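Below is one structure; the comments refer to it alone.
The values are calculated or read from the model by the stated rules, or taken from the named source; none is laboratory data. In this text, all values refer to a predicted model and were calculated from it rather than measured experimentally. Virtual Cβ from ideal backbone geometry, glycine too; neighbours counted across all protein chains shown. These area figures cover heavy atoms from the full protein model, side chains too; ligands, DNA and RNA do not enter into them. Shrake-Rupley method; radii C 1.70, N 1.55, O 1.52, S 1.80 Å.
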Amino acid sequence: MKNYNILNRTIALLLGGTLAALASCQSSENTVDNETTSSSSDTTVAEQTETEEAIEPSFEACDYDGATFHIYAPDWGLYRNYFFADEQTGDVMNDAIYDRTMMVEEYLGIDITHSSGATEDLNVMNLMQQTVMSGDDAYQLVLTHCIQDVGSMLTAGLLYDWNNLEYCDLSQDYWNQSCNNNLSINGHQYYAVSDFMLPDPNCVLFNKGMIENYSLDDPYELVRSGEWTLEKMIEMGSAVTSDLDGNSVWDINDQYGIGTANDWYWNSLIYSSGLSLIDRDEQGNFELAINNDDMYTLVEIVDNLVNGSNDAYLYDFNIPEEEKLMISRGQSLFQFESFNRLNLLRDSEVEYGILPYPKLKASQDGYYTNDWSGLMAIPKTITNPEMVGKTCELLAIYSRETTIPAYYDLVLGTKLSRDEDSREMLELIFDNIVYDPGVNYFGFSSNIMPLFYVLHSMVIREGSGDFASWYARYAPGAESEIKQFVEAVSELEA
(Lines give C-alpha, C1' and ligand atoms only; values in the text may rest on other atoms or scores of the structure.)
Protein backbone atom coordinates (compact mmCIF):
# COMPACT_ATOMS: atom_id res chain seq x y z
CA MET A 1 0.00 0.00 0.00
CA LYS A 2 1.34 3.38 -0.98
CA ASN A 3 1.16 5.93 1.84
CA TYR A 4 -1.15 8.45 0.20
CA ASN A 5 -3.36 10.57 2.39
CA ILE A 6 -6.95 11.55 1.72
CA LEU A 7 -5.93 14.78 0.00
CA ASN A 8 -3.72 12.89 -2.42
CA ARG A 9 -6.51 10.43 -3.14
CA THR A 10 -8.83 13.30 -3.97
CA ILE A 11 -6.26 14.88 -6.27
CA ALA A 12 -5.76 11.53 -7.98
CA LEU A 13 -9.48 11.30 -8.67
CA LEU A 14 -9.52 14.74 -10.24
CA LEU A 15 -6.59 13.79 -12.40
CA GLY A 16 -7.82 10.27 -13.06
CA GLY A 17 -9.36 11.09 -16.41
CA THR A 18 -6.01 12.30 -17.69
CA LEU A 19 -3.80 9.52 -16.39
CA ALA A 20 -4.42 7.26 -19.37
CA ALA A 21 -3.82 10.12 -21.76
CA LEU A 22 -0.49 10.88 -20.13
CA ALA A 23 0.44 7.21 -20.38
CA SER A 24 -0.24 7.21 -24.10
CA CYS A 25 2.44 9.87 -24.59
CA GLN A 26 5.14 7.94 -22.80
CA SER A 27 5.75 5.16 -25.29
CA SER A 28 4.72 3.82 -28.66
CA GLU A 29 5.51 0.23 -27.77
CA ASN A 30 2.74 -2.25 -27.08
CA THR A 31 3.46 -5.74 -25.80
CA VAL A 32 1.32 -8.57 -27.12
CA ASP A 33 1.95 -12.07 -25.75
CA ASN A 34 5.50 -11.05 -24.83
CA GLU A 35 6.12 -9.75 -28.35
CA THR A 36 6.40 -6.07 -29.23
CA THR A 37 4.39 -4.15 -31.78
CA SER A 38 4.73 -0.49 -32.59
CA SER A 39 1.86 1.95 -32.40
CA SER A 40 2.14 5.35 -34.06
CA SER A 41 -1.46 6.43 -33.59
CA ASP A 42 -2.11 9.93 -32.30
CA THR A 43 -5.74 8.97 -31.67
CA THR A 44 -5.05 6.85 -28.63
CA VAL A 45 -6.17 6.78 -25.04
CA ALA A 46 -6.35 10.58 -24.73
CA GLU A 47 -8.90 11.14 -27.49
CA GLN A 48 -10.85 8.02 -26.54
CA THR A 49 -11.11 9.27 -22.96
CA GLU A 50 -12.21 12.73 -24.07
CA THR A 51 -15.15 11.31 -26.03
CA GLU A 52 -16.74 9.72 -22.97
CA GLU A 53 -17.81 11.45 -19.80
CA ALA A 54 -16.04 10.04 -16.78
CA ILE A 55 -18.22 7.85 -14.57
CA GLU A 56 -18.41 8.89 -10.95
CA PRO A 57 -18.61 6.20 -8.24
CA SER A 58 -21.93 6.09 -6.36
CA PHE A 59 -20.10 6.02 -3.01
CA GLU A 60 -17.65 8.41 -1.42
CA ALA A 61 -13.95 7.85 -0.97
CA CYS A 62 -13.03 6.02 2.21
CA ASP A 63 -10.01 4.54 3.96
CA TYR A 64 -9.73 0.81 4.68
CA ASP A 65 -6.38 1.42 6.31
CA GLY A 66 -4.27 -0.52 3.85
CA ALA A 67 -6.50 -3.61 3.66
CA THR A 68 -5.34 -6.09 1.03
CA PHE A 69 -7.45 -6.88 -2.02
CA HIS A 70 -5.76 -9.90 -3.57
CA ILE A 71 -6.56 -11.10 -7.09
CA TYR A 72 -5.66 -14.59 -8.31
CA ALA A 73 -5.52 -15.46 -12.01
CA PRO A 74 -4.29 -18.55 -13.83
CA ASP A 75 -1.22 -18.17 -16.03
CA TRP A 76 -3.33 -18.13 -19.16
CA GLY A 77 -4.46 -15.91 -22.00
CA LEU A 78 -4.70 -12.18 -21.48
CA TYR A 79 -4.09 -12.53 -17.73
CA ARG A 80 -0.40 -12.91 -18.48
CA ASN A 81 0.19 -9.40 -19.76
CA TYR A 82 -2.87 -7.20 -19.62
CA PHE A 83 -4.33 -7.26 -16.12
CA PHE A 84 -1.56 -6.39 -13.66
CA ALA A 85 1.26 -3.84 -13.45
CA ASP A 86 3.44 -3.25 -10.41
CA GLU A 87 5.21 -0.19 -11.75
CA GLN A 88 5.17 2.28 -14.61
CA THR A 89 7.37 1.23 -17.53
CA GLY A 90 6.44 3.65 -20.30
CA ASP A 91 4.43 0.96 -22.09
CA VAL A 92 0.95 2.33 -22.85
CA MET A 93 -1.01 -0.73 -21.75
CA ASN A 94 1.13 -1.38 -18.68
CA ASP A 95 0.81 2.20 -17.51
CA ALA A 96 -2.94 2.26 -18.06
CA ILE A 97 -3.21 -0.81 -15.81
CA TYR A 98 -0.94 0.80 -13.24
CA ASP A 99 -2.99 4.01 -13.28
CA ARG A 100 -6.21 2.07 -12.74
CA THR A 101 -4.71 0.25 -9.78
CA MET A 102 -3.46 3.48 -8.23
CA MET A 103 -6.82 5.20 -8.66
CA VAL A 104 -8.68 2.39 -6.90
CA GLU A 105 -6.09 2.06 -4.13
CA GLU A 106 -6.20 5.76 -3.39
CA TYR A 107 -9.99 6.05 -3.42
CA LEU A 108 -10.40 3.22 -0.91
CA GLY A 109 -7.14 3.22 0.99
CA ILE A 110 -6.36 -0.40 0.04
CA ASP A 111 -3.48 -2.39 -1.38
CA ILE A 112 -4.26 -4.37 -4.55
CA THR A 113 -2.00 -7.41 -4.97
CA HIS A 114 -2.04 -10.35 -7.35
CA SER A 115 -0.65 -13.83 -7.93
CA SER A 116 -0.93 -16.60 -10.50
CA GLY A 117 -0.42 -20.34 -10.78
CA ALA A 118 2.18 -22.33 -12.64
CA THR A 119 2.45 -22.02 -16.40
CA GLU A 120 -0.83 -22.98 -18.11
CA ASP A 121 -2.31 -23.85 -14.70
CA LEU A 122 -6.05 -23.52 -15.25
CA ASN A 123 -7.07 -25.49 -12.18
CA VAL A 124 -8.39 -22.58 -10.14
CA MET A 125 -10.80 -24.94 -8.42
CA ASN A 126 -8.06 -26.53 -6.30
CA LEU A 127 -7.11 -23.14 -4.91
CA MET A 128 -10.75 -22.24 -4.28
CA GLN A 129 -11.38 -25.53 -2.45
CA GLN A 130 -8.37 -25.03 -0.21
CA THR A 131 -9.42 -21.46 0.53
CA VAL A 132 -13.02 -22.29 1.42
CA MET A 133 -12.21 -25.45 3.39
CA SER A 134 -9.73 -23.53 5.54
CA GLY A 135 -12.03 -20.53 5.90
CA ASP A 136 -9.18 -18.39 4.63
CA ASP A 137 -9.82 -14.87 3.32
CA ALA A 138 -6.64 -14.88 1.25
CA TYR A 139 -8.29 -14.05 -2.10
CA GLN A 140 -10.91 -11.41 -2.67
CA LEU A 141 -11.26 -11.92 -6.44
CA VAL A 142 -10.45 -14.96 -8.54
CA LEU A 143 -10.30 -14.87 -12.35
CA THR A 144 -11.13 -18.06 -14.20
CA HIS A 145 -10.75 -19.75 -17.54
CA CYS A 146 -13.84 -19.35 -19.74
CA ILE A 147 -14.82 -23.00 -19.22
CA GLN A 148 -12.42 -24.99 -17.02
CA ASP A 149 -14.16 -25.89 -13.70
CA VAL A 150 -16.56 -22.93 -13.95
CA GLY A 151 -19.60 -25.14 -13.36
CA SER A 152 -17.84 -27.34 -10.82
CA MET A 153 -16.82 -24.45 -8.59
CA LEU A 154 -20.42 -23.29 -8.51
CA THR A 155 -21.94 -26.67 -7.61
CA ALA A 156 -19.22 -27.26 -5.01
CA GLY A 157 -20.46 -24.23 -3.07
CA LEU A 158 -17.21 -22.28 -3.30
CA LEU A 159 -18.55 -18.97 -4.58
CA TYR A 160 -20.03 -15.77 -3.18
CA ASP A 161 -23.20 -14.38 -4.77
CA TRP A 162 -22.48 -11.14 -6.62
CA ASN A 163 -26.04 -10.02 -5.86
CA ASN A 164 -25.05 -9.74 -2.21
CA LEU A 165 -22.35 -7.14 -2.91
CA GLU A 166 -24.14 -3.93 -2.05
CA TYR A 167 -21.79 -1.58 -3.86
CA CYS A 168 -21.57 -3.45 -7.16
CA ASP A 169 -24.19 -1.91 -9.44
CA LEU A 170 -24.52 -4.78 -11.88
CA SER A 171 -27.19 -2.91 -13.84
CA GLN A 172 -24.63 -0.45 -15.21
CA ASP A 173 -23.30 -0.86 -18.74
CA TYR A 174 -19.76 -1.41 -17.52
CA TRP A 175 -21.06 -4.79 -16.28
CA ASN A 176 -21.92 -7.25 -19.06
CA GLN A 177 -25.69 -7.75 -19.02
CA SER A 178 -25.58 -10.95 -21.08
CA CYS A 179 -23.39 -12.49 -18.39
CA ASN A 180 -25.72 -11.22 -15.66
CA ASN A 181 -28.83 -12.61 -17.35
CA ASN A 182 -27.56 -15.86 -18.83
CA LEU A 183 -25.20 -17.15 -16.15
CA SER A 184 -27.48 -16.40 -13.18
CA ILE A 185 -29.37 -19.34 -11.75
CA ASN A 186 -32.27 -19.49 -9.31
CA GLY A 187 -31.95 -15.78 -8.72
CA HIS A 188 -28.28 -16.02 -7.78
CA GLN A 189 -25.24 -14.83 -9.70
CA TYR A 190 -21.89 -16.46 -9.02
CA TYR A 191 -19.91 -15.13 -11.98
CA ALA A 192 -19.66 -11.64 -13.43
CA VAL A 193 -17.85 -9.76 -16.19
CA SER A 194 -17.15 -6.04 -16.10
CA ASP A 195 -14.93 -3.71 -18.10
CA PHE A 196 -12.13 -4.93 -15.85
CA MET A 197 -12.19 -8.17 -17.87
CA LEU A 198 -10.55 -7.46 -21.21
CA PRO A 199 -12.51 -9.43 -23.82
CA ASP A 200 -11.00 -11.91 -26.24
CA PRO A 201 -13.63 -12.56 -28.92
CA ASN A 202 -13.05 -13.79 -32.44
CA CYS A 203 -13.33 -11.60 -35.52
CA VAL A 204 -13.16 -11.80 -39.31
CA LEU A 205 -10.21 -10.28 -41.14
CA PHE A 206 -10.49 -9.27 -44.80
CA ASN A 207 -7.92 -8.52 -47.47
CA LYS A 208 -8.45 -4.91 -48.56
CA GLY A 209 -6.49 -5.33 -51.78
CA MET A 210 -8.66 -8.22 -52.95
CA ILE A 211 -11.84 -6.26 -52.21
CA GLU A 212 -10.58 -3.52 -54.51
CA ASN A 213 -9.06 -5.74 -57.19
CA TYR A 214 -12.19 -7.85 -57.57
CA SER A 215 -14.59 -4.88 -57.22
CA LEU A 216 -16.38 -6.49 -54.30
CA ASP A 217 -18.82 -4.84 -51.92
CA ASP A 218 -17.34 -2.76 -49.14
CA PRO A 219 -17.47 -5.06 -46.08
CA TYR A 220 -17.73 -2.11 -43.68
CA GLU A 221 -20.82 -0.83 -45.46
CA LEU A 222 -22.32 -4.33 -45.45
CA VAL A 223 -21.94 -4.38 -41.68
CA ARG A 224 -23.48 -0.94 -41.28
CA SER A 225 -26.45 -1.79 -43.50
CA GLY A 226 -27.08 -5.08 -41.69
CA GLU A 227 -26.35 -7.13 -44.81
CA TRP A 228 -23.11 -8.75 -43.59
CA THR A 229 -24.27 -12.39 -43.57
CA LEU A 230 -22.50 -15.74 -43.75
CA GLU A 231 -23.85 -16.40 -47.24
CA LYS A 232 -22.68 -12.96 -48.39
CA MET A 233 -19.21 -13.66 -47.03
CA ILE A 234 -19.10 -17.00 -48.85
CA GLU A 235 -20.39 -15.41 -52.07
CA MET A 236 -17.64 -12.78 -51.96
CA GLY A 237 -15.05 -15.43 -51.14
CA SER A 238 -16.11 -17.61 -54.06
CA ALA A 239 -15.38 -14.71 -56.42
CA VAL A 240 -11.66 -14.82 -55.58
CA THR A 241 -11.12 -18.59 -55.33
CA SER A 242 -8.61 -19.64 -57.97
CA ASP A 243 -6.41 -22.60 -58.87
CA LEU A 244 -3.39 -20.36 -59.22
CA ASP A 245 -0.95 -22.94 -60.53
CA GLY A 246 -3.54 -24.59 -62.80
CA ASN A 247 -2.71 -28.14 -61.70
CA SER A 248 -6.25 -28.95 -60.46
CA VAL A 249 -4.81 -29.80 -57.03
CA TRP A 250 -6.20 -27.53 -54.33
CA ASP A 251 -3.44 -26.86 -51.83
CA ILE A 252 -1.66 -24.04 -50.04
CA ASN A 253 -0.35 -22.70 -53.35
CA ASP A 254 -3.83 -21.61 -54.51
CA GLN A 255 -6.18 -18.74 -53.65
CA TYR A 256 -9.29 -19.06 -51.46
CA GLY A 257 -12.27 -17.16 -50.24
CA ILE A 258 -11.41 -18.11 -46.69
CA GLY A 259 -8.22 -19.48 -45.15
CA THR A 260 -8.45 -20.27 -41.47
CA ALA A 261 -7.82 -22.84 -38.76
CA ASN A 262 -10.11 -25.88 -38.60
CA ASP A 263 -10.77 -25.59 -34.87
CA TRP A 264 -12.60 -23.49 -32.27
CA TYR A 265 -12.99 -20.36 -34.42
CA TRP A 266 -15.98 -22.02 -36.04
CA ASN A 267 -17.83 -22.23 -32.72
CA SER A 268 -18.39 -18.49 -32.76
CA LEU A 269 -20.63 -18.82 -35.81
CA ILE A 270 -23.27 -20.26 -33.47
CA TYR A 271 -23.48 -16.95 -31.63
CA SER A 272 -23.21 -14.72 -34.69
CA SER A 273 -26.19 -16.68 -36.00
CA GLY A 274 -28.26 -15.62 -33.01
CA LEU A 275 -28.17 -19.09 -31.46
CA SER A 276 -27.11 -20.49 -28.11
CA LEU A 277 -26.57 -23.94 -26.66
CA ILE A 278 -28.75 -23.39 -23.61
CA ASP A 279 -31.62 -20.95 -23.20
CA ARG A 280 -34.41 -20.59 -20.65
CA ASP A 281 -37.95 -21.92 -20.79
CA GLU A 282 -41.01 -19.89 -19.76
CA GLN A 283 -40.27 -20.61 -16.10
CA GLY A 284 -36.70 -19.37 -16.46
CA ASN A 285 -35.13 -22.83 -16.26
CA PHE A 286 -32.17 -23.92 -18.39
CA GLU A 287 -33.05 -25.97 -21.45
CA LEU A 288 -31.15 -27.24 -24.50
CA ALA A 289 -31.88 -24.78 -27.30
CA ILE A 290 -29.79 -25.71 -30.34
CA ASN A 291 -32.18 -28.04 -32.18
CA ASN A 292 -33.94 -25.54 -34.46
CA ASP A 293 -34.24 -24.53 -38.09
CA ASP A 294 -31.51 -21.87 -37.88
CA MET A 295 -29.01 -24.39 -36.57
CA TYR A 296 -29.80 -26.77 -39.42
CA THR A 297 -29.36 -23.90 -41.88
CA LEU A 298 -26.02 -22.95 -40.35
CA VAL A 299 -24.75 -26.53 -40.54
CA GLU A 300 -25.88 -26.82 -44.16
CA ILE A 301 -24.12 -23.60 -45.18
CA VAL A 302 -20.85 -24.55 -43.46
CA ASP A 303 -21.03 -28.11 -44.84
CA ASN A 304 -21.44 -26.78 -48.39
CA LEU A 305 -18.53 -24.39 -47.87
CA VAL A 306 -16.12 -26.86 -46.32
CA ASN A 307 -17.10 -30.15 -47.95
CA GLY A 308 -18.87 -29.05 -51.13
CA SER A 309 -16.60 -26.39 -52.58
CA ASN A 310 -12.98 -25.34 -52.96
CA ASP A 311 -13.62 -21.92 -51.45
CA ALA A 312 -12.12 -22.67 -48.02
CA TYR A 313 -8.62 -23.77 -47.08
CA LEU A 314 -8.52 -25.11 -43.53
CA TYR A 315 -5.34 -25.86 -41.65
CA ASP A 316 -4.56 -27.42 -38.31
CA PHE A 317 -4.28 -24.86 -35.53
CA ASN A 318 -1.15 -26.46 -34.07
CA ILE A 319 1.08 -26.54 -37.16
CA PRO A 320 3.90 -23.96 -37.49
CA GLU A 321 2.68 -20.49 -38.40
CA GLU A 322 4.64 -20.46 -41.66
CA GLU A 323 2.66 -23.48 -42.86
CA LYS A 324 -0.70 -21.78 -42.38
CA LEU A 325 -2.52 -19.99 -45.17
CA MET A 326 -3.02 -16.82 -43.15
CA ILE A 327 -4.32 -13.62 -44.68
CA SER A 328 -0.78 -12.19 -44.60
CA ARG A 329 0.17 -14.55 -47.46
CA GLY A 330 -2.17 -12.62 -49.77
CA GLN A 331 -3.96 -15.79 -50.92
CA SER A 332 -7.23 -15.53 -49.01
CA LEU A 333 -9.97 -12.94 -48.81
CA PHE A 334 -11.20 -13.76 -45.30
CA GLN A 335 -9.79 -15.28 -42.12
CA PHE A 336 -11.32 -16.08 -38.73
CA GLU A 337 -8.99 -14.95 -35.96
CA SER A 338 -8.92 -14.25 -32.23
CA PHE A 339 -7.95 -10.83 -30.94
CA ASN A 340 -5.10 -12.17 -28.84
CA ARG A 341 -3.39 -13.50 -31.99
CA LEU A 342 -3.54 -10.36 -34.12
CA ASN A 343 0.05 -9.66 -33.13
CA LEU A 344 1.04 -12.46 -35.53
CA LEU A 345 0.06 -10.13 -38.36
CA ARG A 346 2.10 -7.17 -37.15
CA ASP A 347 4.62 -7.51 -40.02
CA SER A 348 2.02 -8.29 -42.67
CA GLU A 349 2.44 -6.41 -45.92
CA VAL A 350 -1.15 -7.26 -46.78
CA GLU A 351 -3.54 -4.47 -45.80
CA TYR A 352 -6.42 -6.00 -43.86
CA GLY A 353 -9.46 -4.83 -41.94
CA ILE A 354 -11.44 -6.15 -38.95
CA LEU A 355 -15.09 -7.22 -39.11
CA PRO A 356 -17.55 -8.88 -36.71
CA TYR A 357 -18.60 -12.44 -37.43
CA PRO A 358 -21.41 -12.43 -40.02
CA LYS A 359 -25.07 -12.93 -39.23
CA LEU A 360 -26.93 -16.00 -40.40
CA LYS A 361 -29.85 -13.84 -41.54
CA ALA A 362 -29.91 -10.14 -42.36
CA SER A 363 -33.04 -9.79 -40.21
CA GLN A 364 -31.09 -10.49 -37.00
CA ASP A 365 -31.00 -7.49 -34.70
CA GLY A 366 -27.23 -7.30 -34.30
CA TYR A 367 -23.77 -8.80 -34.65
CA TYR A 368 -22.88 -11.04 -31.73
CA THR A 369 -19.99 -13.20 -30.64
CA ASN A 370 -18.98 -15.14 -27.55
CA ASP A 371 -15.98 -14.28 -25.40
CA TRP A 372 -13.00 -16.61 -25.02
CA SER A 373 -11.63 -14.71 -22.04
CA GLY A 374 -12.50 -15.62 -18.44
CA LEU A 375 -14.95 -14.76 -15.68
CA MET A 376 -14.77 -13.03 -12.29
CA ALA A 377 -15.53 -15.06 -9.15
CA ILE A 378 -15.42 -14.29 -5.44
CA PRO A 379 -14.56 -16.92 -2.83
CA LYS A 380 -17.32 -17.68 -0.36
CA THR A 381 -14.95 -16.92 2.52
CA ILE A 382 -14.53 -13.16 2.05
CA THR A 383 -14.92 -11.31 5.36
CA ASN A 384 -15.38 -7.74 4.13
CA PRO A 385 -18.05 -7.73 1.40
CA GLU A 386 -18.29 -3.95 1.55
CA MET A 387 -14.64 -3.47 0.61
CA VAL A 388 -14.80 -6.21 -2.02
CA GLY A 389 -17.91 -4.74 -3.62
CA LYS A 390 -16.50 -1.22 -3.76
CA THR A 391 -13.19 -2.43 -5.18
CA CYS A 392 -14.81 -4.50 -7.93
CA GLU A 393 -17.08 -1.58 -8.84
CA LEU A 394 -14.15 0.83 -9.08
CA LEU A 395 -12.07 -1.61 -11.12
CA ALA A 396 -14.95 -1.67 -13.61
CA ILE A 397 -15.47 2.10 -13.63
CA TYR A 398 -11.83 3.06 -13.99
CA SER A 399 -11.18 0.42 -16.66
CA ARG A 400 -13.52 2.41 -18.90
CA GLU A 401 -11.13 5.37 -18.61
CA THR A 402 -7.79 3.55 -18.71
CA THR A 403 -7.33 -0.03 -19.87
CA ILE A 404 -10.22 -0.33 -22.34
CA PRO A 405 -9.07 2.49 -24.68
CA ALA A 406 -5.45 1.35 -24.30
CA TYR A 407 -6.51 -2.19 -25.24
CA TYR A 408 -8.34 -0.88 -28.31
CA ASP A 409 -5.13 0.74 -29.53
CA LEU A 410 -3.16 -2.39 -28.68
CA VAL A 411 -5.47 -4.60 -30.74
CA LEU A 412 -5.53 -2.20 -33.66
CA GLY A 413 -1.75 -1.77 -33.65
CA THR A 414 0.23 0.10 -36.27
CA LYS A 415 -1.56 -1.38 -39.27
CA LEU A 416 -5.03 -0.30 -38.18
CA SER A 417 -4.43 2.51 -35.72
CA ARG A 418 -5.62 5.14 -38.22
CA ASP A 419 -8.35 2.95 -39.73
CA GLU A 420 -11.47 4.49 -38.20
CA ASP A 421 -13.63 1.85 -39.90
CA SER A 422 -11.83 -0.98 -38.12
CA ARG A 423 -12.03 0.93 -34.81
CA GLU A 424 -15.79 1.23 -35.34
CA MET A 425 -16.00 -2.51 -36.00
CA LEU A 426 -13.89 -3.23 -32.91
CA GLU A 427 -16.26 -1.29 -30.69
CA LEU A 428 -19.23 -3.03 -32.31
CA ILE A 429 -17.73 -6.42 -31.52
CA PHE A 430 -16.83 -5.54 -27.93
CA ASP A 431 -20.26 -4.04 -27.27
CA ASN A 432 -22.07 -7.19 -28.39
CA ILE A 433 -20.30 -10.00 -26.56
CA VAL A 434 -22.70 -12.65 -25.27
CA TYR A 435 -22.45 -15.43 -22.70
CA ASP A 436 -24.05 -18.86 -22.74
CA PRO A 437 -24.28 -21.30 -19.80
CA GLY A 438 -23.86 -24.05 -22.36
CA VAL A 439 -20.30 -22.84 -22.90
CA ASN A 440 -19.23 -21.56 -19.50
CA TYR A 441 -20.87 -24.27 -17.37
CA PHE A 442 -20.81 -27.22 -19.80
CA GLY A 443 -18.26 -26.42 -22.52
CA PHE A 444 -16.01 -29.36 -21.62
CA SER A 445 -18.77 -31.82 -20.69
CA SER A 446 -19.17 -35.18 -22.39
CA ASN A 447 -22.36 -34.39 -24.31
CA ILE A 448 -22.73 -30.62 -24.58
CA MET A 449 -19.16 -30.09 -25.79
CA PRO A 450 -19.84 -32.07 -29.02
CA LEU A 451 -22.78 -29.75 -29.66
CA PHE A 452 -20.66 -26.69 -28.92
CA TYR A 453 -17.94 -27.98 -31.28
CA VAL A 454 -20.37 -29.39 -33.84
CA LEU A 455 -19.04 -27.36 -36.79
CA HIS A 456 -15.49 -28.49 -36.05
CA SER A 457 -16.17 -32.04 -34.87
CA MET A 458 -18.99 -33.10 -37.19
CA VAL A 459 -18.77 -30.91 -40.29
CA ILE A 460 -15.01 -30.38 -40.59
CA ARG A 461 -13.45 -33.42 -38.92
CA GLU A 462 -16.02 -36.05 -39.96
CA GLY A 463 -17.15 -34.34 -43.17
CA SER A 464 -20.82 -34.72 -42.29
CA GLY A 465 -23.79 -32.38 -42.44
CA ASP A 466 -26.19 -34.73 -40.65
CA PHE A 467 -27.01 -32.60 -37.63
CA ALA A 468 -30.22 -34.52 -36.88
CA SER A 469 -28.29 -37.70 -36.16
CA TRP A 470 -25.58 -35.84 -34.29
CA TYR A 471 -28.12 -34.10 -32.09
CA ALA A 472 -29.99 -37.34 -31.41
CA ARG A 473 -26.69 -38.92 -30.36
CA TYR A 474 -25.80 -36.28 -27.76
CA ALA A 475 -29.06 -34.59 -26.71
CA PRO A 476 -30.18 -37.15 -24.10
CA GLY A 477 -26.84 -36.95 -22.31
CA ALA A 478 -26.80 -33.17 -22.62
CA GLU A 479 -30.24 -32.86 -21.07
CA SER A 480 -29.13 -35.12 -18.23
CA GLU A 481 -26.06 -32.95 -17.62
CA ILE A 482 -28.25 -29.85 -17.41
CA LYS A 483 -30.67 -31.54 -15.01
CA GLN A 484 -27.88 -32.75 -12.72
CA PHE A 485 -26.30 -29.30 -12.66
CA VAL A 486 -29.55 -27.54 -11.78
CA GLU A 487 -30.33 -30.09 -9.06
CA ALA A 488 -26.86 -29.68 -7.56
CA VAL A 489 -27.27 -25.91 -7.43
CA SER A 490 -30.75 -26.22 -5.91
CA GLU A 491 -29.45 -28.51 -3.17
CA LEU A 492 -26.64 -26.08 -2.48
CA GLU A 493 -29.07 -23.21 -2.02
CA ALA A 494 -31.66 -25.15 0.02
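Taking each residue of segment 137-153 that is in contact (Cβ under 8 Å) with a residue 12 or more places away in the chain and more than 25 Å from ILE112 (Cβ to Cβ) and looking for partners that are assigned to a loop (DSSP other than H, G, I, E, B) and open to solvent by 40 Å² or more (accessible area, probe 1.4 Å) with beta-carbon atoms closer than 7 Å, six or more apart or interchain, yields ILE147/PHE444. Looking across segment 96-116 at every residue that is under 21 Å from GLU56 (Cβ atoms) and open to solvent by 10 Å² or more (accessible area, probe 1.4 Å), the one that is farthest from the chain's Cα centre (by Cα) is identified as TYR107. Does GLY151 satisfy the criteria of being closer than 23 Å to ASP436 by Cα, surrounded by 16 or more Cβ atoms within 10 Å (Cβ to Cβ) and not aliphatic (A, V, I, L, M)? So GLY151 fits the description; yes.
Taken over segment 429-488, the residue count meeting the criterion of being assigned to a loop (DSSP other than H, G, I, E, B) and of a type in the set (A, V, I, L, M) is 0.
For the residues SER225, SER268, the requirement of being open to solvent by 20 Å² or more (accessible area, probe 1.4 Å) and at pLDDT 95 or above singles out SER225.
Criterion applied to MET93, MET125 was being among the aliphatic types (A, V, I, L, M), under 23 Å from the mean Cα position of the chain (by Cα) and at pLDDT below 95, and the one residue passing it is MET125. Those residues that are of a type in the set (Phe, Trp, Tyr), open to solvent by 10 Å² or more (accessible area, probe 1.4 Å) and within 21 Å of VAL489 (Cα to Cα), I need them from segment 167-204; list them, please. The answer is TYR190, and nothing else.
Selection of segment 276-300 for residues being out of contact with any helix residue (DSSP H, G or I) (no Cβ under 6 Å at 6 or more places or on another chain) and among the hydrophobic types (A, V, I, L, M, F, W, C) yields ALA289, MET295, LEU298. If the condition is being in contact (Cβ under 8 Å) with a residue 40 or more places away in the chain and open to solvent by 60 Å² or more (accessible area, probe 1.4 Å), then segment 439-494 contributes PHE444, ARG461, GLU479, LEU492. Inside segment 373-391, residues that are outside any helix (DSSP H, G or I) and over 20 Å from PRO74 (Cα atoms) make up a count of 2. Residues being in contact (Cβ under 8 Å) with a residue 40 or more places away in the chain and part of a loop (DSSP other than H, G, I, E, B) are represented in segment 337-346 by at least one member.
For segment 266-292, a residue qualifies if it is on the phi > 0 side of the Ramachandran plot and touching a residue at least 60 places away in the same chain (Cβ under 8 Å), and exactly one does: GLY274.
Considering (1) assigned to a loop (DSSP other than H, G, I, E, B); (2) open to solvent by 50 Å² or more (accessible area, probe 1.4 Å); (3) within 30 Å of GLY135 (Cα to Cα), the lone condition that SER363 does not fulfil carries the number (3).
Among the residues of segment 226-238, is any of a type outside the set (Phe, Trp, Tyr) and part of a strand (DSSP E or B)? Yes, because at least one residue in segment 226-238 is of a type outside the set (Phe, Trp, Tyr) and part of a strand (DSSP E or B). Comparison of ASP419, ASP436 shows that the only residue that is closer than 23 Å to LEU375 by Cβ, open to solvent by less than 30 Å² (accessible area, probe 1.4 Å) and touching a residue at least 12 places away in the same chain (Cβ under 8 Å) is ASP436. Where residues in segment 261-289 are out of contact with any strand residue (DSSP E or B) (no Cβ under 8 Å at 6 or more places or on another chain) and not in a helix (DSSP H, G or I), which of them is nearest to SER373 (Cα to Cα)? Taking the candidates together, the pick is ASP263.
Is there a residue in segment 347-355 that is out of contact with any helix residue (DSSP H, G or I) (no Cβ under 6 Å at 6 or more places or on another chain) and part of a helix (DSSP H, G or I)? No; the residues of segment 347-355 include none that is out of contact with any helix residue (DSSP H, G or I) (no Cβ under 6 Å at 6 or more places or on another chain) and part of a helix (DSSP H, G or I). Do you know which of the residues in segment 50-90 that are assigned to a loop (DSSP other than H, G, I, E, B) and at positive phi is nearest to the chain's Cα centre (by Cα)? Restricting to residues being assigned to a loop (DSSP other than H, G, I, E, B) and at positive phi, the top hit is GLY90. In segment 181-225, the qualifying residues are those that are assigned to a loop (DSSP other than H, G, I, E, B) and of a type in the set (Gly, Ala, Ser), and the one that is farthest from MET326 (Cα to Cα) is GLY187.
TYR139 meets the conditions (1) touching a His at 6+ places or on another chain (Cβ under 9 Å); (2) in a helix (DSSP H, G or I) in every case but one. The failed one is (2).
The selection criterion, being of a type outside the set (Asp, Glu), surrounded by fewer than 19 Cβ atoms within 10 Å (Cβ to Cβ) and under 19 Å from TYR471 (Cβ atoms), does not hold for ASN253.
Each residue in segment 401-416 was checked for being at pLDDT 90 or above and surrounded by fewer than 22 Cβ atoms within 10 Å (Cβ to Cβ), and 1 pass.
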